[in-house]
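Take a look at the structure set out below.
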Amino acid sequence: MKQAMTSVDVAVIVSELQHLVGSRIEKIYRTDTDTDIEQIRLNLYLFGEGRSDLVITPGACVHLTAHPLPSPKTPPMFAMTLRKYLSHGRIVSIEQYDFDRIVEIKTMRGEVENGLILELFPPGNVILVNHEHKIILPLHPVTFRGRRIRSGEIYKLPDMQSNPIEITRDGLSDLFSESDLDLVKTLATRLNMGGVIAEEVCSYSGVDKKTGCQDLSDEIVEVVHGGIAHVFGQMANLKPHIAYKDENKIDVLPFEISRYADRKKRYFSTFSEALDEFFGKAAKEQVIEKKPDRKQNPLEHRLTQQENAIHKFERDKSDLSAKAEAIYTHYQPVDELLGLVRQELADGRTWDEIRAEHPEIKRTDPRNRTITIELDGMDIPLDTGKNVPQNAQIFYDRSKKISSKLDGAVRAIENTRELLKKRVKKPKAKMPAPKRPKPRWYDQYRWFRSSDGLLVIGGRGATSNEEIVKKYLEKRDIFMHSQAPGAPVTIIKVDKGAEVSEQTIAEAAQFAISYSSIWKGGQYTGDCYWVHPDQVSKTPEHGEFVSKGAFIIRGTRNYLKDVSVGIAIGITSDLRLIGGPVSAVSNHAENVVEIVPGRFNQNDIAKKIYRIFSDALGRSIKVVASPDQIVKFLPPGESDIRSKGK
């Protein structure tokens, strides 16, 4: 089934939506973040036509809809910002960028011009810009090599491909002479027309799609150029339709092609209607299907979720194993490609240059130093710093982890089935009226209690790093630190006669790593070390300088490698808000929310956690766990909720 619009589809829908120029933007909505489908909806009013809804699914499609998805009662920040800049403005133009899957909707309110840029290629984005293309706010802030989609930056287009409508015969010949791919892949990627239309061009031209571009004679180039002109000429004779295989929708197209000549089709008066039936209706059905039945017994709902989770674990496990096996199956070409990429990086080539040089590379990730290639129909990321067996082992290891989760899910579902048999209703416990807890000396710092009950404190910056060492580091304590920028000095406070277990040291290490810049950078592991207090000093060697919040460490350091990040926020039985490593917080709190590096800023994730706590314990919990109080326990940078529970 088709997952997203092609550049051809975008060209047709942009032409079709020109009647919206002059319409007024009434309201702007964003779908509830609890759904898996992300969608922006513009409610428009056009004189003489009335109201209509234009929906944008980033990375997939844009069209008018008769099937709008529900929106939350409280609009998300992105929707509120769009309303601030665009509401009551008029659409003055809707344009496609150079036959790519990028659309800009320009608006005018008074004399102020702003724009909304829609990136319809995966992973997709919606970007609010001003009249100078300076980014006001992106839906998803991202950074690529040489291209930053962040507030305050000037919006920069990705590298453009050739336009198939405008390409000349000589231009096509030059394009083929530079390509080492076969005909259909060159047409699909270098001319930005997508695989289905590329195959249609080959079929109409009567040229084998697998023919290498270097083997095309001038006569064949002429024939292919004529095939392109014929296929794209059909954009003037539209027949929007959905093609079916049996009773299942498989494709939506603006005009007919030979590939689906014998397929069942359903025709529409506009391409927007066809897109809405194909994408919009399917999205609405998916949301309704996932929406839990309010009358359903909570245990039955839990059982359904656990069954779905088990099916997902089984699929993921099979997928990961298949990817590992595919890497081994294609050992030789994968090994050669990794070697070439490593050599080119060593020679100073950029990632963009490497991708252009190797068409088999679908994506590059300079940050993680990975390339993504297709093997046996699967997109597989490869770490350029590892060899073939090591890359395969990554997927085997992830498959083993999922096996462990699968075993846990099976045990959990058995427990739920037992509870369903008993169907015993427990009376809801009454929560005592929360009171603001009396402050303690360590509340001004980051802190948690380990699983063994030992207090662990950490600084919030250079000043508090200095303070906790100067005031609170004692001979029997343990000093821990990470060399990552912004890492807190971490101290395990050891009671007289107490011993520090490996569990406590591991939790303190996770604490030190999670509150450093490692989290902010979106990484998942880091290294740290611990020493005894007598190894810590502020006295530098002659000629050295020790900055504020930093210390001289003398003697042997005890390193902990590849420590995983992980933070949980919880509320204890005596109604205190706590935060720290997941294992420690789970031991001391009844209501726990686990977070990982993600895409929501501190304020947004704090509000989400507060809503979870208030749903479980009542809104009066704000006295002890308001969003502002929760923020104090969050790591720097952006986060996502991984799990929640008691």
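Taking the stretch 176-198 as the range and being in a helix (DSSP H, G or I), crowded, with 17+ Cβ neighbours inside 10 Å and small (Gly, Ala, Ser) as the test, the residues that pass are Ala188, Ala198.
Within the stretch 363-389, can you find the residues that are at positive phi and surrounded by 15 or more Cβ atoms within 10 Å (Cβ to Cβ)?
Start the filter on the stretch 363-389 by keeping residues that are at positive phi, which leaves 369, 376-377.
Of everything in the stretch 363-389, just one residue is at positive phi and surrounded by 15 or more Cβ atoms within 10 Å (Cβ to Cβ), namely Arg369.
Residues that are in contact with a Pro (Cβ under 7 Å, 6 or more places away or on another chain), on the phi < 0 side of the Ramachandran plot and in a helix (DSSP H, G or I): does the stretch 625-645 have at least one? No; the residues of the stretch 625-645 include none that is in contact with a Pro (Cβ under 7 Å, 6 or more places away or on another chain), on the phi < 0 side of the Ramachandran plot and in a helix (DSSP H, G or I). Note on the stretch 458-516: among residues that are without any contact (Cβ under 8 Å) to a residue 40 or more places away in the chain and touching an Asp or Glu at 6+ places or on another chain (Cβ under 7 Å), the one that is farthest from Gly580 (Cα to Cα) is Lys493.
Taking into account only those residues within the stretch 372-394 that are assigned to a strand (DSSP E or B) and not hydrophobic (A, V, I, L, M, F, W, C), which is nearest to Asp335 (Cα to Cα)? Reasoning before the result, please.
Here is the first cut: in the stretch 372-394, the ones assigned to a strand (DSSP E or B) are 372-375, 378-383.
From the residues that got through so far, the ones that are not hydrophobic (A, V, I, L, M, F, W, C) too are 372, 374, 379, 381, 383.
Numbers: Thr372: 14, Glu374: 14, Asp379: 17, Pro381: 14, Asp383: 11 Å.
The extreme case among them is Asp383.
Lys210 passes every criterion in (1) surrounded by 14 or more Cβ atoms within 10 Å (Cβ to Cβ); (2) in contact with a strand residue (DSSP E or B) (Cβ under 6 Å, 6 or more places away or on another chain); (3) over 19 Å from Met5 (Cα atoms) apart from (1). For the stretch 333-351, the count of residues that are part of a helix (DSSP H, G or I), more than 30 Å from Thr186 (Cβ to Cβ) and in contact with a Ser or Thr (Cβ under 6 Å, 6 or more places away or on another chain) is zero.
Regarding the stretch 229-249, can at least one residue be identified that is in contact (Cβ under 8 Å) with a residue 24 or more places away in the chain, more than 25 Å from Ala11 (Cβ to Cβ) and part of a loop (DSSP other than H, G, I, E, B)?
Start the filter on the stretch 229-249 by keeping residues that are in contact (Cβ under 8 Å) with a residue 24 or more places away in the chain, which leaves 230-232, 235, 238-242, 248-249.
Those left that are additionally more than 25 Å from Ala11 (Cβ to Cβ): 248.
Next, only the ones that are part of a loop (DSSP other than H, G, I, E, B) stay: none.
No, that holds for no residue.
Only residues that are among the basic types (Lys, Arg) and over 21 Å from Pro123 (Cα atoms) were counted in the stretch 331-388, giving 3.
Counting only residues that are over 30 Å from Phe600 (Cα atoms) and among the aliphatic types (A, V, I, L, M), which one in the stretch 489-540 is surrounded by the fewest Cβ atoms within 10 Å (Cβ to Cβ)? So the residue we want is Ala498.
Would you confirm, using the coordinates I've provided, whether Ile553 is surrounded by 14 or more Cβ atoms within 10 Å (Cβ to Cβ), modelled with pLDDT of 90 or more and under 23 Å from Gly459 (Cβ atoms)?
no
Looking at the stretch 335-347, is at least one residue surrounded by fewer than 14 Cβ atoms within 10 Å (Cβ to Cβ), at pLDDT below 85 and charged (D, E, K, R)? No: the stretch 335-347 contains no residue that is surrounded by fewer than 14 Cβ atoms within 10 Å (Cβ to Cβ), at pLDDT below 85 and charged (D, E, K, R).
Among residues of the stretch 253-275 that are aromatic (Phe, Trp, Tyr), those with a Cβ under 6 angstrom from a residue that is exposed (fewer than 15 other Cβ atoms within 10 Å of the Cβ), sequence gap 6+ or separate chain, pair up as Phe255/Lys239. Within the stretch 87-137, the set of residues being basic (Lys, Arg) and outside any loop (DSSP other than H, G, I, E, B) comprises Arg90, Lys106, Arg109, Lys134.
Taken residue by residue, the stretch 155-175 has no member that is assigned to a strand (DSSP E or B) and surrounded by 16 or more Cβ atoms within 10 Å (Cβ to Cβ).
Pairs are defined by a Cβ separation below 8 Å, a sequence spacing of at least 6 or placement on different chains, a first member in the stretch 346-373 that is under 18 Å from Pro158 (Cα atoms), and a second member that is among the aliphatic types (A, V, I, L, M) and in a loop (DSSP other than H, G, I, E, B); the pairs so defined are Pro359/Leu181.
Are any residues in the stretch 588-603 buried (at least 17 other Cβ atoms within 10 Å of the Cβ) and either touching a residue at least 40 places away in the same chain (Cβ under 8 Å) or assigned to a helix (DSSP H, G or I) (or both), and if so, which ones?
So in the stretch 588-603, the residues buried (at least 17 other Cβ atoms within 10 Å of the Cβ) come out as 588-589, 591-597, 600, 602.
Those that are buried (at least 17 other Cβ atoms within 10 Å of the Cβ) and either touching a residue at least 40 places away in the same chain (Cβ under 8 Å) or assigned to a helix (DSSP H, G or I) (or both): His588, Asn591, Val592, Val593, Glu594, Ile595, Val596, Pro597, Phe600, Gln602.
Within the stretch 556-574, the set of residues being over 21 Å from Pro636 (Cβ atoms) and either modelled with pLDDT of 90 or more or buried (at least 16 other Cβ atoms within 10 Å of the Cβ) (or both) comprises Thr556, Arg557, Asn558, Tyr559, Lys561, Ile571, Thr572.
This table checks each residue for (1) over 19 Å from Ser547 (Cβ atoms); (2) outside any loop (DSSP other than H, G, I, E, B); (3) assigned by TED's automatic domain parsing to the domain that holds Lys520.
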residue	(1), (2), (3)
Ser451	yes, no, yes
Ile457	yes, yes, yes
Glu474	yes, no, yes
Ala484	no, no, yes
Ile492	yes, yes, yes
Glu499	yes, no, yes
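Which residue, of Val92, Val103, is surrounded by 15 or more Cβ atoms within 10 Å (Cβ to Cβ), of a type outside the set (D, E, K, R) and within 27 Å of Ser151 (Cα to Cα)? Step through it out loud before you land on a result.
Details: Val92 fails: surrounded by 15 or more Cβ atoms within 10 Å (Cβ to Cβ).
Result: Val103 is the single residue among Val92, Val103 that is surrounded by 15 or more Cβ atoms within 10 Å (Cβ to Cβ), of a type outside the set (D, E, K, R) and within 27 Å of Ser151 (Cα to Cα).
Return yes when Glu49 is assigned by TED's automatic domain parsing to the domain that holds Thr107 and more than 26 Å from the chain's Cα centre (by Cα) and no when it is not. Spell out the reasoning first.
Values: assigned by TED's automatic domain parsing to the domain that holds Thr107: yes; more than 26 Å from the chain's Cα centre (by Cα): yes.
Taking the combined requirement at face value, the residue satisfies it.
The values are calculated or read from the model by the stated rules, or taken from the named source; none is laboratory data. Just so it is clear, the structure is predicted and the values come from calculations on it, not from any experiment. Virtual Cβ from ideal backbone geometry, glycine too; neighbours counted across all protein chains shown.
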